[in-house]
Structures are given as structure tokens and as C-alpha cells.
Amino acid sequence: MGKSEELFARALERIPGGVNSPVRAFGSVGLTPRFIQRADRQRIYDVDGRSYVDYVGSWGPMILGHNHPAVLEAVERAVKDGLSFGAATQQEVEMAELICSMAPSVEMVRMVNSGTEAVMSAIRAARGYTGRDQVIKFAGCYHGHSDGMLVKAGSGVMTAGIPDSAGVPAACAQDTLTATYNDLESVERLFIEHPNSIAALVVEPLAANMGVVPPKEGFLPGLRSLCDQYGAVLIFDEVITGFRLAPGGAQERYGVLADLTTFGKIIGAGMPVGAYGGRGEIMRLISPSGPVYQAGTLSGNPVAMAAGLAQLRWLKSHPEVYTHLEQLGDRLWKGLRRAAPENVVTEEGSLGCMFFSGDPVVDYTSAKRSDTARFARYFKFLLEQGIYLAPSQFEAIFLSDAHTEADIDYFIQEVSLWEEQDQNGAPLGCLNKTV
């Protein structure tokens, strides 16, 4: 038994399921989690001394790679001044100014502590602004674990096969209406049925919690038009896409602006942080300037702000990062299509996914058709070859600026080898290979 297995056995005694977030569990792929000890650039290292090329990147925020020198230096300076004050700081003002300068629709922003908190707070602001209660979301899109959003959610809920969560009162979910991603008619029907009661529509502009599912042409502009027509607030959940698909996120890439936008851990370079922002007339309703209450003792934590400022400033001043990410993505997604041509590769820039299905993947229903047993075999093989992916069919592959063309070519090579062996029923590689 390795050290990871020993730690997992201990964790099961004191932590529900042995993990502090379901997406870290390896149960759906028939393994126990790897316990990670350290990371550097594009690699992570577990407690048993194995090295992996990391394609999770703490679920997205490590866009520059692990331990980027500018981020590390900023954190080291901030730590010396204190870990937390529970008071206003210069860093949070600079962060707000920086986000507003980069995100095209954001005029004001409020810092919070997670993506879940950001979405929950944005929805409350939208309800306060409109005086309405109902919210439209999309099946398979994950917006955190607040009660009203755990209705046909993606991510870990989808992996576990749980359509909704126990412990959510029916009254908390009754104002959540569910539409089909990439299907404007399903959205329009809900607006027609509830013309004066929908406060907001919340969407991942690029769905990345049921695997990666790009928006069809016209889908996002259509959502913008429907929200305008019916007086609803359009909320883009850019916890994954924000500052990743472009310096201005999905809104810059697709040319569609939201009324409110939510951000996650990328604005803290991986530290626990989130934010929501948007039009000034909505954001000014938030306490203490308005009647919509939201608070947080650790919001705008000085160390998290220092890390996030360093990362976002680097991204803003180094546009070649995005060029490199696009090149790496283009190389990987094309290579995976060659290596496993009967499968479906979906992608956008530095985010992508391979579905074990021959059918196009455009929404929650088509994503669920993927052969998850085959994904588990693929995951195990690649892990043994030193390639670390999310242990779920329904999560994204995240590229970072620290990845190299050699990393990408190795990934493609190993997928090609796996495909050949899996199709022929041959033994799948050697255990615990380190590269």
C-alpha cells in the first residue's frame, strides 16, 4: 500500500468520502485519490514521489503554471505584512480597478471567497434589482452548491449521477427554471410561460462542467436579446472562462456582454477567492450602498489579492501568454482527434474534453451518452503514464502557459497507444510510470 492509499484510509475515518470536495474523489474511475505534496510549473508530485504533467491546474486558475515567480514573490511580500485584517486594504481597490479594466462589462465589483458565493450573490443582486424571484439555468451547467443552483447541475453532481442534492428544500428550488443549453427555443418557452417573474438567466458562456460544450453560433446573442426583451438580468458565470479564454474572458472572445459576471479562483492565482461585478446601477444596490445584503469577513483577503494582482497584471501585460495557450490547444485538440478518431473532442482555446461517443455533444443529454467506463480505462492508463487529468468524464482539460509542445506531443502519443491497446483488448501499460 502506498502513502496515498494510507492517507485515504485515514481520511475516510474523519472526512466524508475521504475528500473535501467530491470532484477530488477517484471512485468513478475505480481508484483512490493521489495525495499531492507539491507542484512546480506544469508538474505536480504526490506523496509517493510520483510526478505527473498536470492538466487540472487546481481546476483552472493556474493559467501561468504552478509557482510562477511573479505570483510567489507577491505572496511572500504580502505574508510578511499579515495574513488577514478584516478591514479595507489598498490591494482590494487595485484589484477592483484591474478587473474593471479587463472585463468588458464590469463597472463595479465586489470580492467574495468562492465561485459559489459569487453566483449566489449575483443572483440575489439580480432579484433585488428586478423585484422578481425566478431564475433560469441550464441542465448540466454548474454554478456552485447554493441550494437554488443544485438543480440538474453538472460537475461533481453529474459524475456521481445525482440529479439533485438531498437537503435542498423544495421551496428553495421551486424558483429555479431549467432550460437546455444551446437551445434558444427552450429558453424562450420559459420566458413566455413566466413573462414577468424571471429575475435572471445564469449561464456558463462556454459550458465546462458537463465536459466542454461550446455555444452554438447565435446562442449567446439570442440569450442577450431574450433577457433584454423580458427585462431579466443576464449573468455570465465566468468562474472557469474568466481571464482564461482572453484577457476579457468569454465576453471578449464571443462579443456578447452580460449584465453581471461571476469570477472564481483565477483572480487569486489559485487562492480561495471569487468576485461578482457588472453594471453600476445593479451593483450599487449592494450593501452598504443599497438594500441587497452580502458580507464576508475574509472577502478581499490581502494575501489572495496580492497573488491575484500579480497574475492578472502578468496576463494583461503579456498577451503572448494567450497566443501560446491557443497554439498549445490547437496542437492538442487536433492531435487527440487523430489519435482517437471515433471519439468526440470539444474545445475552445485552452479548454477541451474528449467524449467517448460518436455523437456530437451539444448539451447535457448528449454529454451523458459518453461511455464513462471507457473514460475510466483511459484515465487509469494516462495516470500510469504520468498524465494527470480530472477523474471525471464531465470536467475540462486545462492548459497552462507552463506546458510545452513536448508535453502535448507526449499526451497525444500516449492516447494513441491507449486507443490501440483498448480497442484490441490488450493489457493497458505499466503501473505508476513516472515521466
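Phi-derived couplings, Karplus 6.51 cos²θ - 1.76 cosθ + 1.60 at θ = phi - 60°, listed residue by residue for the stretch 255-271: x, 10, 9, 9, 7, 10, 9, 10, 10, x, 5, 5, 7, x, 6, x, 6 Hz, with x used for Gly and Pro. Shown for the stretch 300-435: lysine pairs separated by 8 or more places, or found on different chains, whose C-alpha atoms are under 25 Å apart, numbering 4. Roughly speaking, what % of Cα-Cα pairs in the stretch 1-133 are separated by over 24 Å, rounded to a whole number? Distances greater than 24 Å cover 54 percent of the Cα pairs. Atom-type composition of the exposed protein surface of the chain places 52 percent of the accessible area on carbon and sulfur (1.4 angstrom probe).
Checking every one of the chymotrypsin sites (Phe, Trp or Tyr not before Pro) in the stretch 202-299 against DSSP loop status and a limit of 12 other Cβ atoms within 10 Å picks out TYR293.
Per residue, the chain exposes 41 Å² of accessible surface when a 1.4 Å probe is rolled over the protein heavy atoms with every protein chain present. Cα extents for the stretch 278-409 along the principal axes, largest to smallest and rounded to whole angstrom: 56, 36, 26.
Rounded, prolate or oblate: which fits the stretch 340-407 when a ≥ b ≥ c are the square roots of the eigenvalues of the alpha-carbon gyration tensor, with rounded for a/c under 1.5 and prolate only if a/b beats b/c? Note, shape of the stretch 340-407 comes out oblate.
Of the listed residues ARG110, ARG124, ARG14, the order by accessible area with a 1.4 Å probe, largest first, is ARG14, ARG124, ARG110. Run through the DSSP bridge list for the chain and note the antiparallel percent, rounded to the nearest 5. Given both bridge residues lie in the chain, the antiparallel proportion sits at roughly 60 percent. Over the C-alpha atoms of the chain, the Rg to Rh ratio, Rh being the Kirkwood estimate, stands at 0.96. Accessible surface of SER58, taken over heavy atoms with a 1.4 Å probe and every protein chain present, rounds to 50 Å².
Considering only GluC sites (Glu not before Pro) in DSSP loops that have at most 11 other Cβ atoms within 10 Å, the longest stretch of the chain without any of them is 1-216. The spread of Cα positions in the stretch 207-323, taken along each principal axis and listed from longest to shortest, comes to 43, 42, 27 Å.
The values are calculated or read from the model by the stated rules, or taken from the named source; none is laboratory data. Remember, predicted model here, so these are calculated numbers, not experimental data. Positions of Cβ are backbone-derived with ideal geometry, glycine not excepted, and every protein chain shown enters the neighbour counts. Just the protein is used for accessible areas: all its heavy atoms, side chains included, with ligands, DNA and RNA removed. Shrake-Rupley method; radii C 1.70, N 1.55, O 1.52, S 1.80 Å.
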